[in-house]
Amino acid sequence: GGLFGYRFFYPPMKTGHYSIYWHRPLVAWMKAGSEEIEISGDLPTGYIACYHEKDIAMEKPVELWPRLERREIYLSALRDFTNGHDHYAHQTSKNLISLLEAHRMQDEKPLPRSLAHKLLNLSKHKSLEEWLDELSIHTPDVKAASRMRAHLDKIIEPEKEVVLPEPITYKYTANRTFEEAWWNDIKFLAHGEFVNKDNADVITDAVTRSLVTKQERDIEYVGNYFIGRYRKAIAEAGMEGKAVCGELPFKWQTDFEFSLYGGWLGNQEGRIYERNILMVIPGKSRREAVVFGDHYDTAYMEDVYSRESGGSGARISAHGADDNYSASATLLLAAPIFLKLSKEGKLERDIWLIHLTGEEFPSDCMGARNFSKTAIEKNIHLKTPEGEDIDLSGTQIAGLYVMDMIGHNRDNDHNVFQISPGKSKASLNLARQAHKANMIWNNLVPEWNKFPERVHLDRGKRVLDDTEIPAPAKFLAINGEVRTQYNPHSSIFNTDGQIFSDMGIPVVLFMENYDISRTGYHDTHDTMENIDLDYGSAFAAIAIETVARIANAK
């Protein structure tokens with residue numbers, strides 16, 4: 001039993017002030033005094049319930065029988081406004097829903113103006129005041145426009161001078177050395193020795209077998225590489241015996257047989273197993289940790305598989321430059337920075353760097369599911385290469401940032417990325433820290449671009465040949481839009497982030513301005529040609545700064 005959000009239809013249906021959910025039924029249980037399982041097919045198939053928008057903990061369900069009292073969720077001004085059928089009205093109403101939801105999640109306290117601007121997902125060239133003025137112009141009902149403006153003035157803080165704190169990590173990331181290292185790590189992981197990088201590899205059908213260059217999966221070798229990099233970083237930082245790294249092993253279990261998939265078959269036969277890779281960097285308090293993660297498996301290439309696209313029907317793993325080694329490279333480069341902060345006593349709580357396995361098809365986020373399960377059960381056990389078992393169950397997850405594709409700068413909407421929180425107040429607070437880290441970066445970019453090595457440079461360009469690295473360019477200011485669960489452009493529902501949100505773990509998804517139809521997504525072009533170095537390295541730097549800020553906060 002339990003409460004579940006929708007995987008492919010999200011957010012849930014809403015009526016009035018309520019969100020509607022289907023609760024799964026109880027179908028099996030252990031008989032008292034034995035380990036025999038009793039299964040019943042006569043029980044109800046679940047029930048429909050709804051939750052009021054102010055019931056954040058979802059503790060007071062209203063069962064939808066015999067009826068549900070109809071209520072209105074939006075202000076009359078908003079309702080009048082959305083009666084229009086033009087594109088502007090509908091798009092604006094969606095943005096307003098995100099704004100109102102964030103206001104509610106903050107216990108209906110006024111929102112900082114900069115955060116409100118990002119929640120509205122406005123064009124980077126449009127100020128909040130310009131948008132408010134435009135809103136009044138586009139609202140045909142003058143009284144409705146006045147009511148809406150008055151309400152927005154109540155839920156958004158008055159304009160005031162914003163004093164930004166000093167950055168914690170940008171001195172390590174706002175430089176050419178970091179940019180080159182980020183690029184080269186992606187290139188090695190995507191185009192180096194690792195080929196079969198989906199958990200299901202190698203597929204046993206004849207077509208796939210005839211086209212793969214090796215008959216074993218490489219996901220184990222990728223994990224070994226991460227562990228080796230982290231052990232080296234620990235040694236170089238002089239943190240042996242304090243920071244640790246290893247694996248969180250588990251078995252790939254499914255309700256149905258997937259005997260076509262060599263990876264699944266190897267799990268059932270006991271020849272191989274699955275694992276998340278975890279590095280633990282100690283803070284002053286070992287009772288809490290902020291988790292920073294990715295997924296390190298790659299997807300099958302649609303243009304190779306699809307016969308409609310001229311493919312052969314073979315299931316062959318993508319290179320994964322953007323999805324998701326742009327994120328993996330960020331974790332690898334974050335480790336030495338966080339180790340240094342830890343050694344200097346600048347972390348109030350632990351930082352956990354986690355590479356999650358099995359996000360892509362057919363694994364379906366199995367690494368995130370297993371990690372969530374062990375966290376909730378307080379049964380997290382890290383296995384080191386020496387065979388040591390380290391019990392981490394006493395550490396509470398204060399927040400989790402997961403990255404999924406952070407290196408591609410969308411061609412038709414430049415320099416935008418998403419900060420997408422899960423459905424909780426704690427998740428929104430994590431998003432606010434990310435927004436602050438973004439503001440600090442953008443505020444410093446003009447100053448950095450005055451440095452002698454940058455002042456005469458132009459905007460960077462992508463390269464088509466992965467044998468070269470893009471030339472140095474000006475530092476790039478990028479705009480993080482805070483996309484809550486009711487924003488249709490939030491991608492958290494289609495990533496590991498959804499799993500953590502459903503499990504009640506505070507989470508934020510870091511992701512580029514996602515465009516599912518672009519070339520380079522789950523195809524043969526997920527290579528360095530689709531990586532924007534200036535955009536991606538800036539995004540990586542902001543993500544690292546965000547985690548440091550949460551770990552450093554008292």
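Based on this model, can you work out whether S342 counts as surrounded by fewer than 23 Cβ atoms within 10 Å (Cβ to Cβ), closer than 30 Å to G241 by Cβ and of a type outside the set (K, R)?
Values: surrounded by fewer than 23 Cβ atoms within 10 Å (Cβ to Cβ): yes; closer than 30 Å to G241 by Cβ: yes; of a type outside the set (K, R): yes.
Yes; evaluated as a whole, the condition is true for this residue.
Kindly indicate whether T484 is open to solvent by 10 Å² or more (accessible area, probe 1.4 Å) and either at pLDDT below 95 or out of contact with any Pro (no Cβ under 6 Å at 6 or more places or on another chain) (or both). Explain how you work it out, then say what you get.
On the way: open to solvent by 10 Å² or more (accessible area, probe 1.4 Å): no; either at pLDDT below 95 or out of contact with any Pro (no Cβ under 6 Å at 6 or more places or on another chain) (or both): yes.
Considered against the rule, which asks whether it is open to solvent by 10 Å² or more (accessible area, probe 1.4 Å) and either at pLDDT below 95 or out of contact with any Pro (no Cβ under 6 Å at 6 or more places or on another chain) (or both), T484 comes out as no.
Could you check segment 196-247 and list, in sequence order, the residues that are over 19 Å from H381 (Cα atoms), of a type in the set (S, T, Y) and within 25 Å of the chain's Cα centre (by Cα)?
Matches in segment 196-247: Y221, Y225.
Here are some residues: K143, K154. Which one is out of contact with any Ser or Thr (no Cβ under 6 Å at 6 or more places or on another chain), at pLDDT 80 or above and basic (K, R)? Before you say what the answer is, go through the steps one by one.
On the way: K143 fails: at pLDDT 80 or above.
Matching residue, one of K143, K154: K154.
Can you name the residue in segment 345-368 that is open to solvent by 20 Å² or more (accessible area, probe 1.4 Å) and of a type in the set (D, E, K, R) and is also farthest from the chain's Cα centre (by Cα) among such residues?
Looking at residues that are open to solvent by 20 Å² or more (accessible area, probe 1.4 Å) and of a type in the set (D, E, K, R), I get K346.
Condition test on F475, is it under 20 Å from the mean Cα position of the chain (by Cα) and not small (G, A, S)?
Values: under 20 Å from the mean Cα position of the chain (by Cα): no; not small (G, A, S): yes.
It is false that F475 is under 20 Å from the mean Cα position of the chain (by Cα) and not small (G, A, S).
For E529, work out the one condition from (1) outside any loop (DSSP other than H, G, I, E, B); (2) open to solvent by less than 30 Å² (accessible area, probe 1.4 Å); (3) closer than 26 Å to E180 by Cβ it doesn't fulfil.
(2)
If we keep just the residues of segment 185-215 that are closer than 18 Å to F258 by Cβ and among the acidic types (D, E), which is modelled with the lowest pLDDT?
Here the answer is D205.
What are the residues in segment 245-300 that are surrounded by fewer than 16 Cβ atoms within 10 Å (Cβ to Cβ), among the charged types (D, E, K, R) and in contact with a helix residue (DSSP H, G or I) (Cβ under 6 Å, 6 or more places away or on another chain), if any?
Hit for segment 245-300 is K251, nothing else.
Restricting the first residue to segment 171-196 and requiring it to be within 16 Å of H319 (Cβ to Cβ) and free of Cβ contacts under 8 Å to residues at least 40 places away in the same chain, which pairs with a second residue that is in a helix (DSSP H, G or I) and open to solvent by less than 20 Å² (accessible area, probe 1.4 Å) meet a Cβ separation below 9 Å and a spacing of at least six or different chains?
Cβ pairs passing all conditions: F188/Y325; F188/A329; F194/I219; F194/V222.
Quick check on my filter: what residues within segment 95-121 are within 21 Å of the chain's Cα centre (by Cα) and either among the acidic types (D, E) or outside any helix (DSSP H, G or I) (or both)?
The answer is E101, L120, N121.
Would you mention how many residues in segment 499-526 are closer than 13 Å to C365 by Cβ and surrounded by 24 or more Cβ atoms within 10 Å (Cβ to Cβ)?
Looking only at that region, the number is 5.
Where residues in segment 494-536 are under 12 Å from the mean Cα position of the chain (by Cα) and of a type in the set (V, I, T), which of them is farthest from F371 (Cα to Cα)?
Filtering segment 494-536 for residues that are under 12 Å from the mean Cα position of the chain (by Cα) and of a type in the set (V, I, T), the one farthest from F371 (Cα to Cα) comes out as V508.
Does segment 453-476 hold any residues that are open to solvent by 10 Å² or more (accessible area, probe 1.4 Å), out of contact with any Pro (no Cβ under 8 Å at 6 or more places or on another chain) and closer than 16 Å to N409 by Cα, and which are they?
Residues satisfying the conditions are R459, L464, K474, F475, L476.
Do you know which of the residues in segment 306-327 that are surrounded by fewer than 24 Cβ atoms within 10 Å (Cβ to Cβ) and among the hydroxyl-bearing types (S, T, Y) is nearest to V207 (Cα to Cα)?
S312
Output the number of the condition that H355 fails; it satisfies all remaining conditions of (1) in a loop (DSSP other than H, G, I, E, B); (2) within 23 Å of Y273 (Cβ to Cβ).
(1)
If L331 meets every condition in (1) open to solvent by less than 10 Å² (accessible area, probe 1.4 Å); (2) of a type outside the set (D, E); (3) assigned to a loop (DSSP other than H, G, I, E, B) apart from one, which number is that one?
So L331 meets the others, but not (3).
Conditions tested, residue by residue: (1) farther than 23 Å from S98 by Cα; (2) out of contact with any Gly (no Cβ under 6 Å at 6 or more places or on another chain); (3) open to solvent by less than 60 Å² (accessible area, probe 1.4 Å).
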position	(1), (2), (3)
W131	no, yes, yes
L135	no, yes, yes
V142	yes, yes, no
L152	no, yes, yes
E159	no, yes, no
R176	yes, yes, yes
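Which of the following residues is surrounded by 23 or more Cβ atoms within 10 Å (Cβ to Cβ) and on the phi < 0 side of the Ramachandran plot: D198, D205, D218?
Numbers: D205 fails: surrounded by 23 or more Cβ atoms within 10 Å (Cβ to Cβ); D218 fails: surrounded by 23 or more Cβ atoms within 10 Å (Cβ to Cβ).
The unique qualifying residue is D198.
Which residue is nearest to S98 (Cα to Cα), if the candidates are limited to segment 17-74 and must be at pLDDT 80 or above and acidic (D, E)?
E53
Please go through (1) buried (at least 23 other Cβ atoms within 10 Å of the Cβ); (2) charged (D, E, K, R); (3) outside any loop (DSSP other than H, G, I, E, B) for D303 and return the number of the only condition it doesn't satisfy.
If we test D303 against (1) buried (at least 23 other Cβ atoms within 10 Å of the Cβ); (2) charged (D, E, K, R); (3) outside any loop (DSSP other than H, G, I, E, B), just (1) comes out false.
The values are calculated or read from the model by the stated rules, or taken from the named source; none is laboratory data. These numbers come from a predicted model, not from an experiment. Quick reminder, even Gly has a Cβ in these numbers, built from the backbone with ideal geometry, and neighbours come from all protein chains shown. For accessibility, only protein heavy atoms count, side chains too; no ligands or nucleic acids. Shrake-Rupley method; radii C 1.70, N 1.55, O 1.52, S 1.80 Å.
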